[in-house]
Amino acid sequence: MIPVDERFMRLAINKAKEGIKRGQTPFGACIARNREVVTCVHNRVWEDTDITGHAEICAIREACRKLNAVDLAGCVIYSTCEPCPMCFSACHWAKISKIVYGARIEDAKKLGFSELTISNDTMKKSGNSPIEIVGDVLWDENIELFRLWSEQENKRIY
């Protein structure tokens, strides 16, 4: 049996691959509650011409609509890369219970993404956030997304 965190992370990875094929950056996110998928999306910055269209933000927006609530307590977000400070803050405000991520912010920064290299652990401690954080889940498979993206002729970065 596949561990739960790996199962949902693979859904986020597959969604990120779809996004790469559509000219998006290599990020995906899946939100689950009670071991059921609520939503699974890829980054939509270029698709929506919206700099806040990170996969985690898009997933939170969609989950709130589907659940008709702004309180996502009990939900887990699976992100192919460690959430940036904006996305971590949104997870905190949405009361998401747990963040599970693959690659690290530093990995994205190495590719030229204009990341603020403030780790989720630092944000959690500084803000006294109750969010549980689990990192490096399927790290190799998430790093592979960066390789796939970097091979795209039409890749764009922000």
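The values are calculated or read from the model by the stated rules, or taken from the named source; none is laboratory data. What you are looking at is a predicted structure, and each value in this text was computed from that prediction instead of being measured. Neighbour counts are summed over all protein chains in view; Cβ atoms, including those assigned to glycine, are modelled from backbone coordinates with ideal geometry. These area figures cover heavy atoms from the full protein model, side chains too; ligands, DNA and RNA do not enter into them. Shrake-Rupley method; radii C 1.70, N 1.55, O 1.52, S 1.80 Å.
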Exercise for the section: Please verify whether the stretch 17-33 includes one or more residues that are open to solvent by 10 Å² or more (accessible area, probe 1.4 Å), more than 14 Å from the chain's Cα centre (by Cα) and within 18 Å of K66 (Cα to Cα). Expected result: yes
Practice task
Report the residue count in the stretch 7-22 for those that are farther than 11 Å from S79 by Cα and assigned to a helix (DSSP H, G or I).
Solution key: 7
Problem - Counted residues, the stretch 143-158 - those being among the charged types (D, E, K, R), loosely packed, with under 12 Cβ neighbours inside 10 Å and assigned to a loop (DSSP other than H, G, I, E, B) - result: 3
Handout entry: Check on D140, under 26 Å from E18 (Cβ atoms), open to solvent by 60 Å² or more (accessible area, probe 1.4 Å) and either under 14 Å from the mean Cα position of the chain (by Cα) or among the polar types (S, T, N, Q) (or both)
Key = no
Exercise for the section: Filter the stretch 25-34 down to the residues that are assigned to a loop (DSSP other than H, G, I, E, B) and touching a helix residue (DSSP H, G or I) at 6+ places or on another chain (Cβ under 6 Å), then identify the one that is farthest from Q152 (Cα to Cα). Expected result: F27
